Amino acid sequence: MGYFEMSKLALKWALTKPPTTRYPFEPRQPIAGSRGQIVFTKDNCVYCTVCAKKCPTGALVVNRAEKKWVIDRLRCINCGYCAEICPKKSLTMVEGHGSPAVTRDREFH
Amino acid sequence: MSPWIRILIYLVAAPIVGGLLAGWDRRISARMQSRRGPPIRQPFYDVMKLWDKQSFVTRRSQNFYIGFFLVMIIFTGALFFGGSDLLLVIFALTLAAIFFVLGAYKTSSPYSFVGAERELIQMMAYEPMILLTAIGMYMVTKSFAVNEIASHPTLLVLMLPGIFLGFLYTLEIKFRKSPFDLSCSHHAHQELVSGITTEFSGRTLALIEIAHWYENVFLLGWVYLFFASMPVLGVAMSLLVFGFVILVDNVFARLKWQTAVRSAWLVAAVLGFGNILVLSLMR
Amino acid sequence: MARTVIPFGPQHPVLPEPIHLDLVVEDEKVVQALPSIGFIHRGLEKLAETKDYIDFVYVAERICGICSFIHGQTYCQAIETIMNIPVPPRALYLRTVWGEFSRIHSHLLWLGLMADGMGFENLFMHSWRVREKVLNIIEATTGGRVIFGSCKVGGVRRDINADTIKTILKDLDEIEKDLQGITKVFLNDRSVKARLCGIGVLSKQEAWDLGCVGPTLRGSGVAQDMRDQGYAAFKDIPVEPVTRTEGDCYARCAVRCEELFRSVNIIRQAFAKIPEGEIAVKVTGNPTGETITRTEQPRGEVVYHLKANGTKNLQRFRVRTPTFANLPAMLKVLPGCDLADVPMIVLTIDPCISCTER
Amino acid sequence: MSQEQIELITIDALLEKVRAKKSQGCRLVQISATQLPGQIELTYSFDLNSQLSNLRLSLPGEEPHLPSISSIYLCAILYENEIHDLFGVQVAGIAIDFKGKFYKTAIKFPFASAKIPCASSAAAPAAGAAACAINPDATPK
């Protein structure tokens, strides 16, 4: 009978611990290998502007004269393309994600 | 206990019990769906939140009908728990449903409109079985009065097994649970958005929720009537029936109105009529 | 009975897609369905004329949020065809694996929406619970959950090492078991069958003439699957198209259910045969020429028409997505159905309006 | 591998050629338009046994006109409405004509290059050179 397949599934799960996490109370465990978010290390940056040129969305702006590296997090798609091509390795992708933004603020470094 | 005290208890306790049952429903459904679900108190939070919300109406009179719907539902329950005539209870219940439908018609939204039509069709589907239930109870206890049925010494369900099953079927329709959430789905996830309640918001929607709590408690009270000679068993069975309704809600897709009417009438004809036929042949 | 016009979409709980249908209803029977789309035309095709062709793969991936990987893959294939780039075989295998993973997750998403459309909330949640496992694998291997960003012109950006392959294969067994649990319900449950069987019937000839693609076409009995053209690793891994002959909503649902298991098998075969080696080649120069590339997405055949003229921008980037081809069939079967069947019919073509309009 | 081919045709022969395709049992895969300097190039793609065949014709850039093939292939309605809305090609006799309301675009005929000047259209080569350059291999080696 076709009626009992779902009953089996429903009753089985009613007695099993749900696989969900209580998100805001329990933080989500980042999955190894996730691209995460971009982090800028100021020390070895030479402001070559390669990352800004290659950024697919134009989220990065680099000013060589003023030594400014700017990121618009709302535009960033976390593709990791800039981290791949950075000649000085001053851009890296780290695990996890930033906090949600309410306003479009740009980060100045 | 005097009927007035029973009515007073009903008026005060029904929304609390109904709300807790609704919270329990959501919790159990969530577990069946491999989720955790909200706290048991969530339905009360929802109603409080709805109470604070701005009410948008297409026509002012639509809220008026919902007010009547709530009053009539409370009246139905009061008649029932006051021990009045079962037939009167059924007519009051129908009248309440009619007010709900009129309110939906009044909103002039195509979704509510089709929802209201489907609700009328559903009423047509469950009314015969509800009447047969009253008739069956009369045939066993020789009375339509709820207090006399309740104090009858036999366990009614033993004499009326078919009617009990048929009544369970109509309960599915009355609770507006899948597979019979045609006219108004609580999750607002169907082709009619939320059917009858699409155009109600704010306090009116909160009133509808409260009316459903009263209605659910009254319906479970009717389930209790089948086991009235053994009160503990009665309460346990009412809760079990509610749990069963939740399970059925979770293992069925929504049916179409044609199937709903056909199956409900089939159930009424076979289980309800058959049971009554056997009863009348037995004596 | 008076006629009522029931608006369906562009914002509708059952159909989270920006398509609008004016359903002319006579006593809950749909007599006419007037569609209008175009609410979210983004002009991505025009964007190709101003973006570098190598960076454009990111845009191509964002044509659709569900079949995004295969969009990126098709774009890369098209460019590689024009420029005659020899893609390393390991990259082709990885693309195949990710493509099939995205097919599984897309089909599971669809199964969930379908269940939700027919008021089967429980089944919806279970479909998406399984989908979450697939998404976790995808995130672990590519770094993204739905937009993978792992395909690039000339190869792929990430490798999957042998240990990860082992754990993925183990997870796949578990996923397959879960899939069996839910597809059994979709295929056997009486109430599901009552909602799907005999609804929205499309004959073989009609489906072909209306230009249907993918599961819609295969559900009507035409064995056409672009994967048998042998792109990526499909020249080593044969794909037998899944077909059903009924042509109704149930058939289309059954085709997708069966494809889930086929995809799991393809991934297993790909991991068994995957060669060692490089995962990308360096791409230099600009493309000149034209190509029409077709691949099989979860929703059906997607057609990329690329025209390049030796600059770093493409001259024409044209995408014909599967939903675009399936819309006429949907409009064809809508009149005459019940109002309650409308979500079923609309959902069985697996509409993805945002990629339709690009 | 499929041998993709493009048949260059004139606008007068379009309906006849499409009818021939239909009688062969082809499926209409797509119609795509490309804005080239001074002309619009249309490609009609058909599929038979997973083999692609194409018809190509050029329309003048000024007030382009096109007969509809929707009487032969009903599904062409979407493509033809799209070509009208994006490129401004007047298609005569579409079975369901949305009359410019198929796509709700901010700019009328956004893909007709005169409206939005872009870098690449100026650099486009002569139209003749672009013809028939489709690579025979559908998949990369």
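Along the charge dipole of chain C, Cβ charges K/R +1 and D/E -1, which of C:GLN297, C:HIS105, C:GLN315 sits furthest on the positive end? Of the options given, the answer is C:GLN315.
With helices as the sole contributors, chain C gives -15500 deg cm²/dmol at 222 nm; each DSSP H run of n ≥ 4 counts as -39500 (n - 2.57), and the sum is divided by every residue. The order of the peptides D:33-39, D:6-12 by mean Cβ neighbours within 10 Å, most packed first, is D:33-39, D:6-12. Angle check, please: helix B:161-174 long axis (alpha carbons) against the longest principal axis of chain B (alpha carbons), in degrees 0 to 90, nearest 10. Rounded to the nearest ten degrees, it is 10.
Pairing chains B and C buries close to 2400 square angstrom of accessible surface in total, based on protein heavy atoms and a 1.4 angstrom probe.
Rolling a 1.4 Å probe over the protein heavy atoms of segment A:28-108, with every protein chain left in place, gives an accessible area that is 54 percent carbon and sulfur.
Within chain C, helices built from complete DSSP H runs that reach 20 Å or longer along their own axis (Cα positions) and carry a mean Kyte-Doolittle hydropathy of -0.5 or higher are C:68-83, C:89-117, C:121-142, C:162-188, C:249-273. In whole percent, and with a 1.4 Å probe on the protein chains, what portion of the accessible area of segment B:23-160 is carbon and sulfur? It is 67 percent, rounded to a whole number. The loop-placed GluC sites (Glu not before Pro) in segment D:47-110, going by DSSP, that have at most 15 neighbouring Cβ atoms within 10 Å of their Cβ come out as D:GLU62.
Dipole check for segment C:52-304: with +1 at the C-beta of Lys and Arg, -1 at the C-beta of Asp and Glu, and the Cα centre as origin, the magnitude is about 300 Debye. Annotation: for a label point projected 7 angstrom from Cα along Cα→Cβ of A:PHE4, residues of segment C:176-200 with backbone N closer than 18 Å are C:181-182, C:184-192. Counting Cβ atoms of other protein chains within 10 Å of each Cβ in D:29-41 and taking the mean gives 4.
Note on B:ILE16 and C:ARG3: the model spin-label points, each 7 Å out from Cα along the C-beta direction, lie 5.6 nm apart.
In this structure the amide hydrogen of C:GLY143, modeled in the peptide plane, comes within under 5 Å of the amide hydrogens of A:ARG35, none closer than 5 places in sequence on its chain. Specify the angular offset, from 0 to 90 degrees and rounded to the nearest 10, of the alpha carbon long axis of helix A:4-14 from the longest principal axis of the alpha carbons in chain A. Around 60 degrees separate the two axes.
Charges were assigned to the Cβ only: +1 to each Lys and Arg, -1 to each Asp and Glu. The resulting dipole of the protein assembly as shown about its Cα centre is roughly 1760 debye. What does the C-alpha gyration tensor say about the overall shape of segment C:290-358? Classify as rounded when a/c is under 1.5, otherwise prolate if a/b is larger than b/c, or oblate. It is prolate, given that a/c is not under 1.5 and a/b is the larger ratio.
For chain B, the longest principal axis of the alpha carbon atoms and the long axis of helix B:61-81 meet at an angle near 20°. Here the protein assembly as shown is treated as a Stokes sphere of Kirkwood radius computed over C-alpha pairs; at 25 °C and 0.890 mPa s its diffusion coefficient rounds to 81 µm²/s.
If the limit is 19 Å between Cα atoms, which of A:LYS8/C:LYS184; A:LYS12/B:LYS177; C:LYS51/D:LYS104; C:LYS29/C:LYS332; C:LYS332/D:LYS17 go over it? Intermediate results must be reported in sequence, preceding the final value.
Details: A:LYS8/C:LYS184 11 Å; A:LYS12/B:LYS177 21 Å; C:LYS51/D:LYS104 24 Å; C:LYS29/C:LYS332 15 Å; C:LYS332/D:LYS17 25 Å.
Flagged as over cut-off: A:LYS12/B:LYS177; C:LYS51/D:LYS104; C:LYS332/D:LYS17.
For segment B:122-127, backbone phi angles converted through the Karplus equation (6.51, -1.76, 1.60; θ = phi - 60°) give residue-by-residue couplings of 5, 4, 4, 6, 9, 3 Hz, Gly and Pro being listed as x.
In loop segments of segment A:66-109 as defined by DSSP, the GluC sites (Glu not before Pro) with at most 11 further C-beta atoms inside 10 Å of their C-beta are A:GLU66. Label separation (D:SER50 vs B:ILE9): 7.4 nm, computed from points 7 Å beyond Cα along the C-beta direction.
Residues whose amide H falls under 5 Å from that of C:GLY289, counting only those 5 or more places apart or on a different chain, are C:ALA308, C:ASN309, C:GLY310, with hydrogens built in the peptide plane.
A dipole drawn for chain A from +1 and -1 charges on Cβ atoms has a positive end, and of A:LEU9, A:LEU74, A:THR20 the residue lying farthest that way is A:LEU74.
Let me spell out the model: positive unit charges on the Cβ of Lys and Arg, negative unit charges on the Cβ of Asp and Glu, origin at the Cα centre of segment B:3-282. What dipole size does that give, in debye rounded to 20?
Numbers: 21 positive and 15 negative charges, 123 e Å.
The dipole magnitude comes to about 580 debye.
Annotation: the antiparallel percentage among DSSP beta bridges lying fully within the protein assembly as shown is about 90.
Apply 1/(1 + (r/R0)^6) to the Cβ-Cβ distance of C:GLN180 and A:LYS17, taking R0 = 30 Å, and write down the FRET efficiency to the nearest 0.05.
Details: r = 21 Å, r/R0 = 0.72.
According to the calculation, E is roughly 0.90.
Cβ-Cβ distance of B:ALA236 and A:ASN44, R₀ of 60 Å, FRET efficiency by 1/(1 + (r/R0)^6): the value works out to about 0.25. Using a Gaussian network for chain C with springs between C-alpha atoms less than 10 Å apart, which of these wobbles most: C:CYS197, C:CYS67, C:CYS151? Largest GNM mean-square fluctuation: C:CYS197. For a straight C-alpha distance cut-off of 16 angstrom, the aspartates and glutamates reachable from C:LYS312 (same-chain residues fewer than eight places away being disregarded) are C:GLU45, C:GLU49, C:ASP52, C:ASP55, C:GLU80, C:GLU290.
Accessible area lost on pairing C with D, both sides, 1.4 Å probe, Å² to nearest 100? If you can, show how the numbers build up before the last one.
Details: alone 14270 and 8310 Å², together 18150 Å².
Answer for the C-D pair: about 4400 Å² buried.
Listed by chain and number, the aspartates and glutamates whose C-alpha is less than 18 Å from the C-alpha of A:LYS89, apart from same-chain residues fewer than 8 away, are A:ASP43. Any residues in segment B:245-272 that have 10 Å² or more less accessible area with all protein chains than in their chain alone, probe 1.4 Å, and which are they? Relative to the lone chain, where solvent access is computed with a 1.4 Å probe, segment B:245-272 loses at least 10 Å² at B:LEU247, B:ASN250, B:VAL251, B:PHE252, B:ALA253, B:ARG254, B:LEU255, B:LYS256, B:TRP257, B:GLN258.
Peptide A:27-36 shows a mean partner chain C-beta count of 4 within 10 Å per residue C-beta.
Under 5 Å between amide hydrogens, built in the peptide plane, is the criterion, and for C:GLU301 it picks out C:GLY214 among residues at least 5 positions away or on other chains.
Using a ≥ b ≥ c from the Cα gyration tensor of segment C:204-300 (square roots of the eigenvalues), is it rounded, prolate or oblate, where a/c under 1.5 gives rounded and otherwise the larger of a/b and b/c decides, a/b for prolate? Walk me through the numbers before you get to the answer.
Details: a/c = 3.34, a/b = 1.53, b/c = 2.19.
In terms of gyration-tensor shape, oblate.
Per-atom-type breakdown for segment C:52-304 gives carbon and sulfur 52% of the accessible area (1.4 Å probe, protein chains only).
Annotation note: chymotrypsin sites (Phe, Trp or Tyr not before Pro) in segment B:139-190 located in DSSP loop regions with a Cβ neighbour count of at most 10 within 10 Å are absent.
The values are calculated or read from the model by the stated rules, or taken from the named source; none is laboratory data. All values derive from a computational prediction rather than experimental measurement. All Cβ positions, even for glycine, are placed from backbone atoms using ideal geometry, and neighbour counts span all protein chains on display. Calculation scope for accessible area: heavy atoms of the full protein, side chains included, ligands and nucleic acids excluded. Shrake-Rupley method; radii C 1.70, N 1.55, O 1.52, S 1.80 Å.
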